[in-house]
Amino acid sequence: KNEVEQSPQNLTAQEGEFITINCSYSVGISALHWLQQHPGGGIVSLFMLSSGKKKHGRLIATINIQEKHSSLHITASHPRDSAVYICAAQRGAQKLVFGQGTRLTINP
Amino acid sequence: GAGVSQSPRYKVAKRGQDVALRCDPISGHVSLFWYQQALGQGPEFLTYFQNEAQLDKSGLPSDRFFAERPEGSVSTLKIQRTQQEDSAVYLCASSLVRRQETQYFGPGTRLLVL
């Protein structure tokens, strides 16, 4: 069993829908990261959180430390949100353990 | 002086050939990471530097993989006697200081071993 599990693996939705991607982890962490990867490989850090909730534009990330679970939400989704979203657990100083990613496709 | 850069962006190697992948981190970033990402998978940790010191190399899959960062800035990941299973995207990331810092990723080097 992977230390970091994401669901769903693939998600297709219509423009405007509310999107939720889930991440569960089985290890102790110092922080939880959400990353976005576009075709071609470039990875951008979206959030780093260790408790509670963070919001940036239409993106919201939450974490429940007791349940070892985090969610990434996208409100009013848009085709440009189409990408792979990756959850990563930070262990120790900075080592990241990644989930397998969720491929999101938003259709116009 | 924008982000993390990597070169080459694409590399095709014949099985058994040695390859060297370069990473230029953001200027002043102390920490540097190498990750390997197989097709359709999330990245996996290979190794971590703080300045020139390699503090963690637990993710290197075999002794054919070697990384260095001799002056604490540019890093090179070398793979000797490449095998087909080494085909992947190799990602480099850097961050400013040690703990709980955002990591900035380079575009990756896509390695194909034939």
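The values are calculated or read from the model by the stated rules, or taken from the named source; none is laboratory data. Since the model is a prediction, treat every value here as computed from it, not as a measurement. Positions of Cβ are generated from backbone atoms using ideal geometry, with glycine treated the same way; all protein chains shown enter the neighbour counts. The area values use the complete protein model at the heavy-atom level, side chains included, leaving out ligands, DNA and RNA. Shrake-Rupley method; radii C 1.70, N 1.55, O 1.52, S 1.80 Å.
The residues of segment A:7-85 have, on average, 48 Å² of accessible surface per residue, using a 1.4 Å probe with all protein chains present. Per-residue surface analysis assigns residue A:29 an accessible area of about 50 Å², computed on protein heavy atoms at 1.4 Å probe radius. Have a look at A:90, A:14, A:66 and tell me which one the Gaussian network model of chain A (Cα, springs below 10 Å) gives the largest fluctuation. Of A:90, A:14, A:66, the Gaussian network model singles out A:66 as fluctuating most.
Of B:76, B:102, B:47, the residue with the greatest mean-square motion in the GNM of chain B, using alpha carbon springs below 10 Å, is B:102. Potential lengthening of the chain between residue B:96 and residue B:38 amounts to 18.2 nm, from the contour at 0.36 nm per residue minus the alpha-carbon distance. Under conditions of 25 °C and 0.890 mPa s, the protein assembly as shown yields 137 µm² s⁻¹ as its translational diffusion coefficient, taking Rh as the Kirkwood radius over Cα pairs in the Stokes-Einstein equation. Counted over chain A with a bin width of 10 Å, the fraction of Cα pairs per bin, in whole percents, is 16, 51, 29, 5, 0.
Summarising the amide proton neighbourhood of residue B:87: residues at separation of 5 or more, or on other chains, whose placed amide H is nearer than 5 Å comprise B:113. Here the dipole of segment B:10-114 is about 240 debye; that uses its Cα centre as origin and unit charges on the Cβ of Lys and Arg (positive) and Asp and Glu (negative). Distance between Cα centroids, segment A:54-108 to segment A:27-52: provide it in whole Å. Centre-to-centre (Cα) distance: 7 Å. Counting only protein heavy atoms and a 1.4 Å probe, segment B:30-114 has 46 square angstrom of accessible area per residue. Qualifying trypsin sites (Lys or Arg not before Pro) in segment B:48-91, where qualification requires a DSSP coil assignment and no more than 14 other C-beta atoms within 10 Å, comprise B:64, B:81.
For chain B, the carbon plus sulfur part of the accessible surface works out to 48%, probe radius 1.4 Å.
Look at the dipole of segment A:11-108 built from charges on Cβ: of A:102, A:45, A:86, the Cα furthest out on the positive end belongs to A:45.
With coordinates expressed along the principal axes, the C-alpha atoms belonging to segment A:49-108 extend over 41, 22, 19 Å, beginning with the largest. Buried on complex formation within segment A:88-107 (loss of at least 50 square angstrom of accessible surface versus the isolated chain, 1.4 Å probe, ligands and nucleic acids ignored): A:93, A:94, A:95, A:96, A:98.
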